[in-house]
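Take a look at the structure set out below.
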Amino acid sequence: MKDKYVIRGDKGTKFESCEIGKVGKEPIYESVEEAKKALEQMQQYFRSEELKIIPI
């Protein structure tokens, strides 16, 4: 089974999706590459926390 990944802040903050149909759910990424792209975009908006990719 493949690992899946979520992005969390270093203070334990969970981020919810803003995509239509997924609002209120934590986005789950299928690959590290996919998660890294999202992390780079999110880090621009959440400068107060260090974001990390966490396998689930």
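The values are calculated or read from the model by the stated rules, or taken from the named source; none is laboratory data. Computed from a prediction, not measured in an experiment: that's the story for all the values here. Note that each Cβ is placed from the backbone with ideal geometry, even for glycine, and that neighbours are counted across all protein chains shown.
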> How many residues, within region 20-36, are of a type in the set (Gly, Ala, Ser) and at pLDDT below 85?
Replying inline: 2
> Of all residues in region 39-55 being among the hydrophobic types (A, V, I, L, M, F, W, C) and at pLDDT 90 or above, which is surrounded by the fewest Cβ atoms within 10 Å (Cβ to Cβ)?
Replying inline: Ile54
